[in-house]
Structures are given as structure tokens and as C-alpha cells.
Amino acid sequence: MSVNVTREFINGLPKAELHVHIEGTLEPDLKLKLAQKNQIDIGQKTIEEVRASYQFDDLASFLAVYYPAMNVLQTEDDFYELAMAYLRRASENNVRHAEIFFDPQAHTSRGISFATVINGLYRATVDARALNVDARLIMCFLRDYSRDSARKTLLESSAFRDKFIGVGLDSDEHNNPPMKFFNQFTQASADGLHVTAHADIDQKDSIEHIRELLEVIGSERIDHGTNVVEDPDLIEFAAKNKIGFTSCPLSNSFVSPEMKGKEVLELLDNGVKVSIHSDDPAYFGGYISDNYYALAKNFNFSQEQVVTLAKNSFETSWISKEQKALYLKEIDDYVNQFNA
Ligand code: HPA
Ligand code: ZN
């Protein structure tokens, strides 16, 4: 790692967070506090016990710990508090712009209304302006739920159309290809919503899923998606069309020994707009600056490469050209001042 890529440099660098699941920011202390308030038995009573329950080595074993924990989220204020806690962390990490995933079906399926979820989260995004963070929401479909459930969720979301800017796709990818939701993506896109989707690392059909997203569905970004390096034609397509790839090193390190650092370097070398994010920071041991630092340190990134990652995050975000230009200038000013 070049001498200029310190923790301090990374933390101060203006960043866009494009891959964070709000439910994945539920820290053990808030989990315990809400469990007590809402009188929900989560099976653990101390922070240490909660942390000890975080044993996973693949996507499925992670999701088996992740979803039950959401039971502690019951009221609009709970969702507000969850999102505010994340946004304070984001502000401390110099996240200037955040596009945040939420999973309505993980809540409506247990009797919490769509309105409760989105109104609490949205109120936090408004209040985050005081923290100098411009925050937006992305509604994700759970890909292991039925197509009909996604259809109903999209229909229900239309009453809240002004509170989120795009749709995504997450949860268990095994045998759940993007094309399962072709109609929902098409409809969302026609409604003016942006489109992204997960292509988790090293899945059974990773390349096929990435191909569907790029060539058929027209996804603007792919979350994770670093397996694209296996297919030169798709790399070329992604570079030419400025597709964003949102890689999450600490999350990757739970399921792959090398956090996909080589793949990130290869994508940078090929001019692909890859960027670095935090996925589920309460579960994977770090927020966005920790993710940048882990990657830069383990793979000896130069300052220029780190700056390119941050610029890519703004360039592939869903903001106006004018806003992008302002953030890119903020990065240049920061780097010049830091190096002076
Ligand atoms: N992949 C799929 N589903 C998820 C993830 C992820 O990285 N994080 C939270 N839900
Ligand atoms: Zn994710």
C-alpha cells in the first residue's frame, strides 16, 4: 500500500455508499435494546452472546442468522432509529451520498406494514441532511420469495413512489435467477425507477445471472458481481456501458479467502466502474472506511487506485450530472489538500 493510503486518508475521502442493507446495520446493542423494549426473545442476552451467534461461512448460513434478528424491528420509530444509527456512522465515514437497500418483504411477511417500514426509514433520510449525508432508499425484492410476492410488493410500493429511487434484488441466489423477476424489473423501469441487483460472489450460476442482468434486464449496477472477470465479453460490455460493480471486501472475506481483491484490481485495469461498500456492516465487522482499508492494505492499492474507487462510487450513483461533478471536485480538492 502506498504511504499515502492511511486510515486517515481513507476516512476523510468523500465517498458514496451504494451497497448497504439497512437491516444489516443492526448493531448488537440496538438489537438487544429493541428486543427488550418490544419484549422479543432473540435467544441472547448480552452483546457477547449476540456476537457469538454470528457464525456463517456462506450466503445461506448468513441469511439464517440475519432474518430472525429483524423480529426486533416493530414500530416506525424502530426503523427510524436503525437508519439514524447507520447514518451517523456514515457521516463519520465521510459518506456524502448513500443509496440504502431495504427489504420490505422481510417485514411484511411477519405482519409489519409496508408503511411502518418505509415511513421510519424515509424520515431518517430526511433528518440525515443535518449530518451532511444525502440519503436515498432502494427497495429490494427477496429473490427466494415468489414472483407473486414481488408483484404485490411493487404494487404496494406505488403509494410511496416518492420515497425511494430504485429497485434491487437480494437474498438467496441459489436457483433464483434475475429473470424470475423480469416483469417486475421491466415495470419498475417503466415507472422511472433505477435498477440494480445482486450477483453474489461464486454462486452456482454467477456468470449466467450477470449476463441476464446486463444483456436482458438492463441493470445499471450489479451488487458484488466480481465474477464478471471470468467473461471477457461481459467485461467489455460493462466497461463500455459504465456499469457499476459494488464490491464489499469484508463481506466477501467471510465466504472467500481473498476478499476478491485481485478481481477488483482486474476490473480497475479494464476500466470497469467498480467501487467499495459495506454490505451488512454490523455482521461483517466494519463500515465503509474499514472496507476500503482492508482491501487497500491486503492488496497494496495505490492512492490513485483508492481515489478511482471513490470516484467510481459517485459516477455510478443515481444523482444528476451536476451533483456528480460537485462530488468529484470535492474528492480532487481533498486529495490535493491531503498531499500538500
Ligand atoms: N447478498 C444477498 N442478500 C443479502 C446480502 C447479500 O450480500 N446482504 C443482505 N442480504
Ligand atoms: Zn448485499
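Just so it is clear, none of the values below were taken in a lab; they were calculated from the coordinates. Everything numeric in this text was worked out from a predicted model, so none of it was measured. Glycine also receives a Cβ, built like all others from the backbone with ideal geometry; neighbour counts cover every protein chain displayed.
If you run the Gaussian network model on the chain, springs between alpha carbon atoms under 10 Å, then out of P281, P257, P249 the most flexible one is P257. About its Cα centre, the dipole of region 1-132 is roughly 280 debye, where the only charges are +1 on Lys and Arg Cβ and -1 on Asp and Glu Cβ.
Stokes-Einstein diffusion for region 162-297 at 20 °C, viscosity 1.002 mPa s, with a Kirkwood radius from C-alpha pairs, works out to 141 µm²/s. Just E322, E156, E258 to compare: in a GNM of the chain, with alpha carbon springs under 10 Å, which one fluctuates most? Highest fluctuation among the options: E322. Over the chain, the reciprocal of the mean inverse Cα-Cα separation, the Kirkwood hydrodynamic radius, stands at 20.1 Å.
Quick one: Debye curve from the C-alpha atoms of region 1-121, no solvent, what's log10 I(q)/I(0) at q = 0.10, 0.11 Å⁻¹? Debye output, listed in q order: -0.37, -0.44. log₁₀ I(q)/I(0) of region 57-206 at q = 0.09, 0.12 Å⁻¹, via Debye over equal Cα point scatterers, no solvent, to two decimals? After summing over all Cα pairs, the log10 values are -0.28, -0.51. Have a look at P178, Y283, N71 and report the one farthest towards the positive end of the charge dipole of the chain, computed about the Cα centre with Cβ charges (Lys/Arg +1, Asp/Glu -1). Of the options given, the answer is N71.
Running a GNM on the chain with Cα contacts under 10 Å, which residue among D280, D200, D41 ends up with the highest mean-square fluctuation? Result: D41 has the largest fluctuation of those listed. When +1 charges are put on Lys and Arg Cβ atoms and -1 charges on Asp and Glu Cβ atoms, the dipole computed for the chain relative to its Cα centre reaches about 780 debye.
Counting only Cβ charges, +1 for Lys and Arg and -1 for Asp and Glu, the dipole size of region 162-290 around its Cα centre is about 320 debye. In straight-distance terms, cross-link reach from K45 covers every one of the lysines whose alpha-carbon lies under 25 Å from its own, apart from those fewer than eight places away in the same chain; here that gives K31, K33, K37. Sites counted here are trypsin sites (Lys or Arg not before Pro) in a DSSP loop (not H, G, I, E or B) having no more than 13 other Cβ atoms within 10 Å; the longest part of the chain that contains none of them is 205-340. Answer with one residue from V20, Y334, A60: the one whose Cα lies farthest towards the positive end of the charge dipole of the chain, charges on Cβ with Lys, Arg +1 and Asp, Glu -1. Of V20, Y334, A60, it is Y334. Amide H to amide H distances under 5 Å link G166 with M139, H194, where only residues 5 or more positions off or on other chains count and H is placed in the peptide plane. At 10 °C and 1.306 mPa s, what whole-number value in µm²/s does Stokes-Einstein give for the translational diffusion of region 220-310, with Rh from the Kirkwood sum over Cα pairs? Rounded, D is 122 µm²/s.
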